[in-house]
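The values are calculated or read from the model by the stated rules, or taken from the named source; none is laboratory data. A quick note: this is a predicted structure, and the numbers were derived from the prediction, not measured. FYI the Cβ positions are ideal-geometry reconstructions off the backbone, even for glycines, and counts take in every protein chain you see. Surface areas here come from the heavy atoms of the whole protein model, side chains and all, with no ligands, DNA or RNA. Shrake-Rupley method; radii C 1.70, N 1.55, O 1.52, S 1.80 Å.
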Amino acid sequence: MTALPVSDTRGRSIRDLRISVTDRCNFRCVYCMPKEVVGPGYQFLPHAEILTFEQIVRLAKIFHGHGVQKIRLTGGEPLVRKDVEKLIAMLAAALPGVALTLTTNGSLLNAKAEALKAAGLTRITVSLDSLDDATFKAMNGAEFPVARVLEAIDAAAAAGLAPIKINAVVKRGVNDNQIVDMARYFKGSGNIVRFIEFMDVGTTNGWKMEHVVPSAEVVRAINEVFPCEPAHANYYGEVAKRWRYADGSGEFGVISSVTEAFCGSCTRARLSSDGMMYTCLFASKGYDLKSLLRGGKSDEEIRDAITSIWRSREDRYSEIRTTETARASKVEMSFIGG
Ligand code: SAM
Ligand code: SF4
Ligand code: SF4
C-alpha cells in the first residue's frame with residue numbers, strides 16, 4: 001500500500017497516533033476518573049469490544065501509511081492490559097523506525113520496565129503529580145504511595161528508558177505548592193518533569209477555570225528559585241514548551257493547553273480501545289474503525305476512510321473553549337487516552 005500523507009482543513013498532517021489499549025485503570029485520579037463517578041458499579045467496555053493486538057497493529061500500519069511517525073500507548077492505564085509488551089514487540093516488528101512510547105501511572109512499571117524495553121519501547125512517560133505522599137494519595141484516589149512511583153522511575157531508567165518524562169497535572173489548591181519541590185527533585189537527574197495545566201477533558205472531573213494554574217505562574221515560581229530560560233522545541237508540534245536551567249542542570253517543560261492553545265500544530269490522531277478514531281482530545285464523536293475491521297474491509301478501504309475523516313477535520317477546541325457550546329458531551333480522558 002503506497003504512503004499517502006493527508007492534510008486536514010487547516011493544513012495539519014497526521015504524525016502521531018495515540019492508542020488507548022484499555023479504558024480500565026487501577027487509579028482514580030481526581031482530574032480524570034474521580035472515584036465518586038467511576039465507582040464499583042462502573043461499566044467498563046466488555047472485553048469483546050476491545051481491539052485485539054492484531055487489529056491494533058493492522059490499524060497502526062495503515063496510519064503509518066498516512067505519515068504517522070510516533071505511536072503512544074495510553075489508556076486508562078496501559079500496563080493493566082494483559083501482555084501489553086507483546087503488543088509493543090508486534091508494533092516494533094511491523095513498524096521499524098517508528099518511535100514507540102507509552103504513558104503510565106507507574107504503579108505496575110517496576111515489574112515491567114525491562115520487558116517493555118526489551119520489546120522495543122523507545123521512551124516512557126510516567127505521571128506523578130506530587131512528591132508529598134498525602135497529596136499524591138489524595139490525587140490518585142487509590143492510596144498509592146509516591147515512593148513506589150519513584151522506584152518505578154528508577155527501574156525504567158535502569159532498564160535503559162531514560163530520559164524519562166514525568167507528567168504532573170497541576171490543580172489549584174491541591175498540588176500547586178509542590179511545583180518547586182518537583183522541579184528540585186528531577187533537576188539534574190536527566191529526567192524531565194512537565195507541568196500540565198488541568199484540562200476540561202470529559203464531563204466528570206468538575207473542571208473550573210479557577211482550578212487551572214497557568215503555566216506562566218509555574219515558570220515564575222521555578223525561576224525564582226532556579227533561574228531558567230526558554231529553550232527551542234525539539235521538533236515541530238512539540239506540545240511542551242521547554243525551559244532550561246541556567247546552571248546547566250537540565251530542563252523542565254510546561255504544557256499550556258488552556259492558557260496557550262496549540263491546536264494550530266496538532267498532528268495527533270487518537271484510537272480508543274474499542275476501535276473508534278478521534279481527531280481531538282475534546283471530541284464528542286468518534287469514527288468507528290472497528291466495524292470496518294470486523295466487516296471485512298480491505299486495508300485500502302480503511303485507509304480511504306481515514307483519509308476522508310482527516311481531510312474534513314476542523315478541530316481547534318482549545319482555541320475556542322470559552323465560546324464553545326457545541327461540545328457539551330465530550331468523551332472521557334480515560335477512554336480516549338491522554
Ligand atoms: N494512566 C496513564 C497515566 O496516568 O499516565 C495514561 C493515561 S492518562 C489519561 C494520560 C495523561 O493524561 C496523564 O499524564 C494524566 O496525568 C493526564 N491527564 C488526565 N486527566 C487530565 C486532565 N483533566 N488535565 C490534564 N491532564 C490530564
Ligand atoms: Fe488512571 Fe491515568 Fe486517568 Fe489517573 S490519569 S485515573 S492513572 S488513566
Ligand atoms: Fe489538538 Fe484538539 Fe487539543 Fe486542539 S484541542 S491541540 S485540536 S487535541
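Once you sort the root eigenvalues of the Cα gyration tensor of region 166-270 as a ≥ b ≥ c, which label holds: rounded (a/c under 1.5), prolate (a/b larger than b/c) or oblate (the other case)?
oblate
Just list whichever of Lys35/Lys171; Lys208/Lys330; Lys165/Lys241; Lys297/Lys330; Lys86/Lys297; Lys117/Lys290 have alpha carbons separated by over 19 Å in the model shown.
From the list (Lys35/Lys171; Lys208/Lys330; Lys165/Lys241; Lys297/Lys330; Lys86/Lys297; Lys117/Lys290), the Cα-Cα distance tops 19 Å for Lys297/Lys330; Lys86/Lys297; Lys117/Lys290.
Using 7 Å Cα-to-Cβ label points, what is the Lys137/Gln69 separation (nm, one decimal)?
About 4.5 nm separates the two model spin labels.
What is the gain in length, in nm to one decimal, between Glu114 and Gln55 on full extension, counting 0.36 nm per residue of separation less the C-alpha to C-alpha distance?
18.7 nm
Using the Cα gyration tensor of the chain, with a ≥ b ≥ c the square roots of its eigenvalues, what is the shape: rounded (a/c below 1.5), prolate (a/b larger than b/c) or oblate (neither)?
Taking the square roots of the gyration eigenvalues as a ≥ b ≥ c, the chain is rounded.
Quick check: residue separation of Ala246 and Asp288 times 0.36 nm, minus the Cα distance between them. What number comes out in nm?
Difference between extended and current length: 10.3 nm.
Under a 1.4 Å probe, what is the accessible area of region 1-150 per residue, stated in Å²?
Per-residue value: 41 Å².
For Tyr31, what accessible surface area do you get with a 1.4 Å probe? Give it in Å², rounded to 10.
Answer for Tyr31: close to 40 Å² accessible.
Take Asn234 and Lys82, extend 7 Å from each Cα along the Cα→Cβ direction, and tell me the distance between the two endpoints in nm.
For the pair Asn234/Lys82, the computed spacing is 3.4 nm.
What part of the accessible area of region 198-338, given as a whole %, is carbon or sulfur when the probe is 1.4 angstrom?
The computed percentage sits at 51.
In degrees from 0 to 90, rounded to the nearest 10, what is the angle of the helix 215-225 Cα long axis to the longest principal axis of the chain?
Once rounded, one gets 40 degrees.
Give me the one-decimal nm value for the distance between modelled label points at Ser312 and Thr122, 7 Å along each residue's Cα-to-Cβ direction.
About 3.1 nm separates the two model spin labels.
Give me the 1.4 Å probe accessible area per residue for region 156-199, excluding ligands and nucleic acids, in Å².
On the way: 1530 Å² over 44 residues.
So region 156-199 comes to 35 Å² accessible per residue, rounded to a whole number.
What residues have an amide H closer than 5 Å to that of Cys228, excluding those fewer than 5 places away on the same chain, when H is modeled at 1.01 Å from N in the peptide plane?
Long-range HN contacts for Cys228: Ala246.
Pull out a ≥ b ≥ c, the square roots of the eigenvalues of the alpha-carbon gyration tensor of region 275-315, then state rounded if a/c is under 1.5, prolate if not and a/b is larger than b/c, and oblate in the remaining case.
oblate
Work out how much length Glu300 to Glu210 would gain on full extension: take 0.36 nm times their residue separation and subtract the Cα-Cα distance, in nm to one decimal.
On the way: separation 90, 0.36 × 90 = 32.40 nm, distance 4.73 nm.
Once the chain is fully extended between Glu300 and Glu210, it gains 27.7 nm.
Once amide H atoms are built 1.01 Å from N in the peptide plane, which residues 5 or more positions from Ile166, or in another chain, come under 5 Å H to H?
Amide H neighbours of Ile166, under 5 Å, 5+ apart: Val126, Ile192, Val193, Arg194.
Which whole-number percentage describes the relative contact order of region 16-336, with Cα contacts under 8 Å and a sequence gap of 6 or more?
20
Over region 218-329, give the accessible area per residue in Å² for a 1.4 Å probe, as an integer.
Normalised by residue count, the accessible surface of region 218-329 is 48 Å².
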